[in-house]
Amino acid sequence: MYKGDYGYIRSRRRSSVIRTAVIAGFSLAIFLTGLIIVGNTKNLLSVIAALGAIPTGLSAVNMILFLKAMPLGKEAYEKIKAHEGSLLVLYELIMTSYDKNWNIGAACVLEKNAIFYTEDKNADVAACAAHIKQYLEAQGYGGHVVKVYAPGELDAFVSRLDQLEKLRATLKIDPRAIEDAWQPGTTQTPFGIIRSISL
């Protein structure tokens, strides 16, 4: 399961819970081994177990982030997928900034158009659009029209997807070929930027 695939959040939830439990269990086992062997906590194994708290904590933060994330509903996914055509659509992205996080259910970028859909009723869609536009402009992609569709605007989102698919066909654009042709070390494509600024 890769970033941008439908089901990504659920997959990362499972893996982060398992990883956190394994790391915590391993540190606890080392601590208990030292306690049993020496009879007190003043031993090298206790120090090693304490150092194990660092990766445990980092993994726990990641786990909490994915437990709080909002996956895209199955009905919405099926509706979007039916209108995807030959466009590239990313699903289940978590965009973060210093003060806010946004759960993006679906995202599509074509030419100077960047559209997003969220099912998060608490999402500040204007702030999210401004955040994305800022990142695109910072990478040299000024002039993009960024629109984030709020919950209840799924029909408008898929209608816009249909319009972008017509534009793609008219201009004979192959989004997949563009992404496949990108070389590391060169300027990212707008699609790549969206993926890279998301968790």
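So what's the angle, to the nearest 10 degrees on a 0 to 90 scale, between helix 8-38 and the longest Cα principal axis of the chain?
In the chain, helix 8-38 runs at an angle near 10 degrees to the longest axis.
By DSSP, what percent of the beta bridges with both residues in the chain are antiparallel, rounded to the nearest 5?
Bridges in the chain that DSSP calls antiparallel: roughly 70 percent.
Is there a quick way to get the dipole size of the chain? I mean about its Cα centre, with the Cβ of Lys and Arg at +1 and of Asp and Glu at -1; what is the value in debye to the nearest 20?
Magnitude of the dipole: close to 500 debye.
Among the listed pairs 68/112; 3/147; 121/172; 74/166, which have their C-alpha atoms separated by more than 27 angstrom in this model?
Table pairs above 27 Å Cα-Cα are 68/112; 121/172.
So how tilted is helix 154-171 from the main axis of the chain? Cα-based, degrees 0 to 90, rounded to 10.
In the chain, helix 154-171 runs at an angle near 60 degrees to the longest axis.
Provide the gained length on full extension for the span residue 97 to residue 170, in nm with one decimal, where the gain is 0.36 nm per separating residue minus the Cα-Cα distance.
Length gained between residue 97 and residue 170: 22.7 nm.
From the helices alone, meaning DSSP H stretches of at least four residues, give me the mean residue ellipticity at 222 nm for the chain, per-run term -39500 (n - 2.57), in deg cm²/dmol to the nearest 500.
Working: 8 runs with 110 residues, N = 199.
Computed ellipticity for the chain at 222 nm equals -18000 deg cm²/dmol.
Testing the spin-label approximation: label points 7 Å from Cα along Cα→Cβ at residue 51 and residue 28. State their distance in nm.
So the label points at residue 51 and residue 28 sit 2.2 nm apart.
Once a ≥ b ≥ c are taken as the square roots of the eigenvalues of the Cα gyration tensor of region 74-196, is the result rounded (a/c under 1.5), prolate (a/b larger than b/c) or oblate (a/b not larger than b/c)?
Oblate shape, in that a/c is at least 1.5 and b/c is the bigger or equal ratio.
Classify region 91-156 from the C-alpha gyration tensor, please: rounded if a/c falls under 1.5, else prolate or oblate depending on whether a/b exceeds b/c.
Since a/c reaches 1.5 but b/c is at least a/b, the shape of region 91-156 is classed as oblate.
Please give me, ordered by residue number, the chymotrypsin sites (Phe, Trp or Tyr not before Pro) of region 73-129 that lie in loop per DSSP and have at most 14 other Cβ atoms within 10 Å. Write down the numbers at each step before the final one.
Working: sites: 77, 91, 98, 102, 116, 117; in loops: 98.
Taking region 73-129 and a limit of 14 other Cβ atoms within 10 Å, the loop chymotrypsin sites (Phe, Trp or Tyr not before Pro) found are 98.
Which angle between 0 and 90 degrees, to the nearest 10, do you get for helix 125-138 versus the longest principal axis of the chain when only C-alpha atoms count?
On a 0 to 90 degree scale, this one is about 90.
Estimate the FRET efficiency between residue 58 and residue 35 by the formula 1/(1 + (r/R0)^6), using the beta-carbon distance for r and 30 Å for R0, to the nearest 0.05.
The value I calculate is 0.75.
Could you line up 70, 1, 95 from fewest to most neighbouring Cβ atoms inside 10 Å?
Arranged by neighbour count, lowest to highest, 70, 1, 95 become 1, 70, 95.
Mind running the shape call on region 54-144? Use the C-alpha gyration tensor, a ≥ b ≥ c as the square roots of the eigenvalues: rounded below 1.5 for a/c, prolate if a/b tops b/c, oblate otherwise. Write out the running numbers ahead of the final one.
Details: a/c = 2.00, a/b = 1.25, b/c = 1.60.
Judged from the Cα gyration tensor, region 54-144 comes out oblate (a/c at least 1.5, b/c at or above a/b).
Test of understanding: what is the full-extension gain from residue 182 to residue 127, defined as 0.36 nm times their sequence separation minus their Cα-Cα distance?
16.9 nm
Every number in this text was worked out from the coordinates using simple rules, so none of it is lab data. Worth saying up front: this structure is predicted, and the values here are computed from it rather than measured. When we count neighbours, we look across all protein chains shown, and the Cβ atoms used for this are built from the backbone with ideal geometry, even at glycine.
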